[in-house]
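The values are calculated or read from the model by the stated rules, or taken from the named source; none is laboratory data. What you see is a predicted model; the values in this text were computed from it and never measured. Because the Cβ atoms are built from the backbone with ideal geometry, glycine has one as well, and the counts that use them run over all protein chains shown. For the accessible areas, the whole protein counts, side chains as well, though only heavy atoms, and no ligand, DNA or RNA atoms are used. Shrake-Rupley method; radii C 1.70, N 1.55, O 1.52, S 1.80 Å.
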Amino acid sequence: MVMNFQLEKSWKPYLAQELDKPYMQELFSFLEMEKKSGKEVHPDEEQILEAFRLTPFSEVKVVLLGQDPYHGPGQAHGLCFSVNKDVKIPPSLVNIFKELKDDLGITIPPHGCLESWARQGVLLLNNVLTVETGKAGSHHQKGWEKFTDKVIEVLNGEKENLVFILWGNPAQKKASKVDEKKHLILKSVHPSPLSVYRGFMGSKPFSQTNAYLKKKGLKEIDWRIT
């Protein structure tokens, strides 16, 4: 299943060897077996690494980290919290848009596709990159966490002045891999309806990100959804 997917070329010097490691080969075997047993895995094979395709290594300015992909049919397409334009906006993303409006006054958009963020340098990464239909967290501890740890380590070491936006406990654990002297870390609870009012609402991640980028002489993110 996954053996054929392609890593965007600018990421290859940093991650290509990681994909060949035994733990990743075990992960690929697991995904193949899931598929062969008739289970539906999200997102589709060719979109598992979509975040890397839309945000080349040299363009990364912000890392927005979620937990695992949406597990409903047709929802996940390889970008954390994002859905295609013809898919109903999930509750977590509704809450993100509410905070976006409160933070920056941006009108809540009619769709939930976040590709316009990705194309400006926002790496929309999940902690775990696949999931079984209807079973949130079903691919935890299969190897993806180790791979995304490596992504964070590479970005931390190779770049400066990044903003890491970490939503939810699994994402926040990645903060230990980030040098706060080189980068900005913004943490809050997950925007899920179960936790959103325990600190997500009012956290103002979007304005804080742009204030930091501006301070460092970098182009701010246009957070409007197009």
Check your understanding: Expressed as a whole percentage, what fraction of the accessible surface of the chain belongs to carbon and sulfur atoms when a 1.4 Å probe is rolled over the protein heavy atoms?
Key -> 48
**Study point:** Given charges at beta-carbon only (K, R positive; D, E negative), |dipole| of the range 81-212 in Debye
**Key:** 180
Check your understanding: Given charges of +1 on the Cβ of Lys and Arg and -1 on the Cβ of Asp and Glu, with all other atoms neutral, how large is the dipole of the range 63-118 about its Cα centre, in debye to the nearest 20?
Key -> 140
Check your understanding: What whole-number value in Å² describes the accessible area per residue of the chain for a 1.4 Å probe?
Key -> 47
Exercise for review: Let me know the charge dipole size of the chain about its Cα centre in debye, to the nearest 20, where only the beta-carbon of Lys, Arg (+1) and Asp, Glu (-1) is charged.
Suggested key: 680
**Study point:** Rel. contact order, % - alpha carbon contacts under 8 angstrom, at least six apart, the range 1-92
**Key:** 28
Revision key, fill the gap. When the charge dipole of the range 128-199 is computed with +1 at the Cβ of Lys and Arg and -1 at the Cβ of Asp and Glu, the Cα pointing farthest to the positive end, of 156, 143, 133, is that of 133
Practice item. Between beta-carbons, use under 15 Å as the cut-off and find the net charge around residue 107, counting Lys and Arg +1, Asp and Glu -1. Key: -1
Review point. In percent, how large is the relative contact order of the chain, given Cα pairs closer than 8 Å and 6 or more residues apart?
Key: 23
Check your understanding: So what is the calculated 222 nm ellipticity per residue for the chain, using -39500 (n - 2.57) for each DSSP H run with n of 4 or more, over all residues, to the nearest 500 deg cm²/dmol?
Key -> -9500 deg cm²/dmol
Revision key, fill the gap. In whole angstrom, the spacing between the Cα centers of the range 166-186 and the range 92-126 equals 20
